[in-house]
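Note sheet for the following structure.
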Amino acid sequence: MWTLDDTSGPPSWRRRASATGATLAFSTRRGGTSLPPFDTLNLGRSTLDDPEAIGNNRALLLNSLGLSPLLLATAGQVHGTRIVEATGPGHQADCDALVSSIPGLALAVTTADCMSLLFEAPGAVAAAHSGWRGAADGMPVAALSAVCERAACGADRVHVHFGPCIRGCCYEVGEDVAARFPEGALRHPGGKPRLDLPTATRLALLAAGVPGANIHDTDACTACEPYWYFSHRRDQGRTGRLWGIAACAVTA
Ligand SMILES: [Zn+2]
């Protein structure tokens, strides 16, 4: 079960009972050092925020999760479906997901409305960035396949976690985008259709063999909750970035 923990360090969503002992978390915008419009826990280097503040924010968050800022792998996201295996700390250009089996290595993807997806399997984790393009082009199942391959297990052994993202309550899309998704992932409240990214992702993962009981959602909408989340659409692009983080367990 996911809980929003604001009792120690920067408030973040924490996974209390990981199936594999992995560290899994989703950040919020609170508890950092950045000034408006990046207030306050902006983690994205693609923004115009002060790089020193971003570095401070990253260290604050990682330390609060018991992870080392020196063991961080990030992805240079391009709304694609390329996945890279992280064999050590550093920035991987031109990919939207990272997979690894290195204990304690934090995989981080940045979002501000797109989904961050965390995968855990016995001995491997993955973190993926998946907006409508990623979802339409198959990123969720591509990342699932990568973690299954790394862990040498079937989809039935994988747990998948959905972070705060824009949802069917808020996400108006054009007919061209809507046409890329099954009807079950769309809402029709009148006017433009709305896309529910978590439903689209859930349907794809279920079809790929992930048991429904292994799919876990924070149920948080970035656009609905300005107190907690950055939202690219709500804030018209002038905003910070959230993180989804996954790290394999460090065993003695
Ligand atoms: Zn909403």
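Mind checking whether some residue in segment 168-176 is more than 16 Å from the ligand (Cβ to nearest atom), without any contact (Cβ under 8 Å) to a residue 12 or more places away in the chain and over 25 Å from Thr20 (Cα atoms)?
Of segment 168-176, the ones more than 16 Å from the ligand (Cβ to nearest atom) are 174-176.
Subset that is without any contact (Cβ under 8 Å) to a residue 12 or more places away in the chain: 176.
Pick out the ones that are also over 25 Å from Thr20 (Cα atoms) and you get 176.
Looking for residues that are more than 16 Å from the ligand (Cβ to nearest atom), without any contact (Cβ under 8 Å) to a residue 12 or more places away in the chain and over 25 Å from Thr20 (Cα atoms), one finds at least one in segment 168-176, hence yes.
Can you tell me which residue in segment 203-252 is surrounded by the fewest Cβ atoms within 10 Å (Cβ to Cβ), limited to those that are hydrophobic (A, V, I, L, M, F, W, C) and at pLDDT below 95?
Among those residues, the one meeting the criterion is Ala252.
Of all strands (runs of 3 or more DSSP E) completely enclosed by segment 108-220, which ones contain at least 1 residues that are of a type in the set (A, V, I, L, M, F, W, C) and closer than 25 Å to Arg45 by Cα?
On the way: elements: 115-121, 124-130, 159-162, 215-217.
Once the strands (runs of 3 or more DSSP E) in segment 108-220 are filtered for at least 1 residues that are of a type in the set (A, V, I, L, M, F, W, C) and closer than 25 Å to Arg45 by Cα, what remains is 115-121, 124-130, 159-162.
Just need a number here: residues in segment 156-180 that are closer than 10 Å to Phe119 by Cβ and touching a helix residue (DSSP H, G or I) at 6+ places or on another chain (Cβ under 7 Å).
So the count comes out to 3.
Please determine whether any residue of segment 165-187 is closer than 19 Å to Ala246 by Cβ, surrounded by 15 or more Cβ atoms within 10 Å (Cβ to Cβ) and within 19 Å of the chain's Cα centre (by Cα). Even if it seems obvious, please write down each step before you answer.
Kept after step one, since they are closer than 19 Å to Ala246 by Cβ, are these residues of segment 165-187: 165.
Filter again for surrounded by 15 or more Cβ atoms within 10 Å (Cβ to Cβ), leaving 165.
Cutting the leftovers down to within 19 Å of the chain's Cα centre (by Cα) gives us 165.
The answer is yes; a qualifying residue exists.
If we scan segment 123-141, do we find a residue that is farther than 18 Å from Arg241 by Cβ and touching a Gly at 6+ places or on another chain (Cβ under 7 Å)?
Looking through segment 123-141, none of the residues is farther than 18 Å from Arg241 by Cβ and touching a Gly at 6+ places or on another chain (Cβ under 7 Å).
Report, by residue number, each residue of segment 56-82 that is surrounded by fewer than 18 Cβ atoms within 10 Å (Cβ to Cβ), in contact (Cβ under 8 Å) with a residue 12 or more places away in the chain and among the small types (Gly, Ala, Ser).
Gly66, Ser68, Gly76, Gly80
Please give the number of the condition Leu186 fails out of (1) over 22 Å from Pro11 (Cβ atoms); (2) within 16 Å of the ligand (Cβ to nearest atom); (3) touching a residue at least 40 places away in the same chain (Cβ under 8 Å).
Condition (3) is where Leu186 drops out.
Restricting attention to segment 120-164, report how many residues are within 16 Å of the ligand (Cβ to nearest atom), closer than 20 Å to Trp228 by Cα and out of contact with any Ser or Thr (no Cβ under 6 Å at 6 or more places or on another chain).
Taking segment 120-164 first, the residues within 16 Å of the ligand (Cβ to nearest atom) are 131-132, 162-164.
Narrowing the set further to residues that are closer than 20 Å to Trp228 by Cα leaves 131, 162-164.
Remaining after also requiring out of contact with any Ser or Thr (no Cβ under 6 Å at 6 or more places or on another chain): 131, 162.
Selection size over segment 120-164: 2.
Any residue at all in segment 113-126 that is free of Cβ contacts under 8 Å to residues at least 60 places away in the same chain and either farther than 19 Å from Arg29 by Cβ or more than 16 Å from the chain's Cα centre (by Cα) (or both)?
no
How about segment 197-206: which of its residues are out of contact with any Ser or Thr (no Cβ under 8 Å at 6 or more places or on another chain) and either within 16 Å of the ligand (Cβ to nearest atom) or without any contact (Cβ under 8 Å) to a residue 60 or more places away in the chain (or both)?
Pro198, Thr199, Ala200, Arg202, Leu203, Leu206
Just the residues that are under 16 Å from the mean Cα position of the chain (by Cα) and either part of a loop (DSSP other than H, G, I, E, B) or closer than 18 Å to Ser12 by Cβ (or both), please, taken from segment 95-104.
Hits for segment 95-104 are Cys95, Asp96.
Would you please name the residue that is nearest to the ligand (Cβ to nearest atom), looking only at residues in segment 214-252 that are among the β-branched types (Val, Ile, Thr) and under 27 Å from Leu203 (Cβ atoms)?
Step one: filter segment 214-252 for residues among the β-branched types (Val, Ile, Thr), giving 215, 218, 222, 239, 245, 250-251.
Still in the list and also under 27 Å from Leu203 (Cβ atoms): 215, 218, 222, 245.
Numbers: Ile215: 20, Thr218: 13, Thr222: 8, Ile245: 23 Å.
It comes out as Thr222.
Under the condition of being among the aliphatic types (A, V, I, L, M) and assigned to a loop (DSSP other than H, G, I, E, B), which residue from segment 6-39 is surrounded by the fewest Cβ atoms within 10 Å (Cβ to Cβ)?
It comes out as Ala17.
For the condition among the basic types (Lys, Arg), in contact with a strand residue (DSSP E or B) (Cβ under 9 Å, 6 or more places away or on another chain) and within 28 Å of Pro211 (Cα to Cα), what is the one hit in Arg15, Arg45, Arg29, Arg58?
Being among the basic types (Lys, Arg), in contact with a strand residue (DSSP E or B) (Cβ under 9 Å, 6 or more places away or on another chain) and within 28 Å of Pro211 (Cα to Cα) holds for just one of Arg15, Arg45, Arg29, Arg58, which is Arg15.
The values are calculated or read from the model by the stated rules, or taken from the named source; none is laboratory data. These numbers were taken from a predicted model, which means no experiment stands behind them. Every residue, glycine as well, gets a Cβ built from its backbone with ideal geometry; the counts of neighbours run over all protein chains shown.
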